[in-house]
Amino acid sequence: MSQSYEKKLETYQLIAFSAALIATLGSLYFSEIMLFIPCELCWYQRILMYPQVILLAISIVKKDYGVSVYTFVLSVIGLCTSFYHYLVQKVPFLGEHSLSCGIVPCNTQYINWLGFITIPFLALVAFIIISICSYLMMKQLKEGK
C-alpha cells in the first residue's frame, strides 16, 4: 500500500471515529447530566451509534479498513431513523400523527438551537459524516490506490 493511500484511509477512519465518539458522549451528556429522558426513536439511534465507537476504535488499532462496510450500513440506517425523527419534530402533521413513543413523545424538542438544531439533527449530522467517511473508505479499498 502506498503511503498516501494508507493516509487517506486513516483520515477517513479517524473522522468517522471522532463523529461517533462525539455523538455518543453528547447523547450521554444530554441523558445523564442534563437528565433528558430519551424517547423511543432516540434509543434506536443510540443502538445504531454506540457500537460504531467500539468498531471504529478496534479498526483503528488493528488498521482494519474493512469495517467500513459495517459502519456504512449502521450509519445509513441511523441516518434514516434520525431524519424521520427530525421530521416528526419539525413537521406538525408527522408530529401529530406519528406513533406514540412511550413516556416521552418523539416530537419533544429538549433543545432547539437557532430554530432548527435538535438532538435528532445532531445525530443526523453524525450519521452523515460516518456514512460519507465509510463510503470513501470502501471506495478507496475497491480502487486499491
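Nothing in this text is a laboratory measurement; each read-out follows from the coordinates by a stated rule. Please read all numbers here as calculations on a predicted model, not as lab measurements. Quick reminder, even Gly has a Cβ in these numbers, built from the backbone with ideal geometry, and neighbours come from all protein chains shown.
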Legend entry - Size of electric dipole in segment 3-143: Cβ of Lys, Arg +1 and of Asp, Glu -1, about Cα centre, debye, nearest 20: 320
Legend entry - Residues whose placed amide H lies under 5 Å from that of residue 107, excluding near-sequence neighbours: none
Legend entry - Of 75, 31, 59, the one that fluctuates the most in a GNM where the chain has Cα springs shorter than 10 Å: 31
Legend entry - residue 14/residue 34 FRET efficiency (R0 25 Å; Cβ-Cβ; nearest 0.05): 0.35
Legend entry - Derived scalar couplings ³J(HN,Hα) [segment 81-96; Karplus, 6.51 cos²θ - 1.76 cosθ + 1.60; whole Hz; x for Gly, Pro]: 5, 5, 5, 4, 4, 4, 5, 4, 6, 9, 9, x, 4, 5, x, 7
Legend entry - residue 22-residue 50 pseudo-label distance in nm [points 7 Å out on the Cα-to-Cβ vector]: 2.2
Legend entry - Net length gained if the chain between residue 112 and residue 93 were fully extended (0.36 nm per residue, minus Cα distance): 5.0 nm
Legend entry - Tilt relative to the chain, helix 119-143 - C-alpha long axis, 0 to 90 degrees, to 10: 20
Inset, instruction - Under 26 Å Cα to Cα from residue 139, which lysines show up? Leave out anything in the same chain fewer than 8 places away. - result: 7, 8, 62, 63
Inset, instruction - Calculate one ³J(HN,Hα) per residue across segment 64-75 by plugging θ = phi - 60° into the Karplus curve 6.51 cos²θ - 1.76 cosθ + 1.60, and present them in order as whole Hz with x for glycine and proline. - result: 9, 7, x, 5, 4, 4, 6, 5, 5, 5, 4, 5
Legend entry - For segment 13-23, 3J(HN,Hα) per residue [Karplus equation, 6.51 cos²θ - 1.76 cosθ + 1.60, θ = phi - 60°, Hz, x = Gly/Pro]: 5, 5, 5, 4, 4, 4, 4, 5, 5, 5, 5
Inset, instruction - Would you mind calculating the gained length between residue 83 and residue 104 on full extension (0.36 nm times residue separation, minus the Cα-Cα distance), in nm to one decimal? - result: 5.7 nm
Inset, instruction - Could you work out the equivalent-ellipsoid semi-axes for the chain, taking the square root of 5 times each eigenvalue of the Cα gyration tensor, largest first, in whole Å? - result: 32, 15, 12
Legend entry - Options 77, 117, 18, ranked by Cα towards positive dipole end of the chain, top entry (Cβ charges): 18
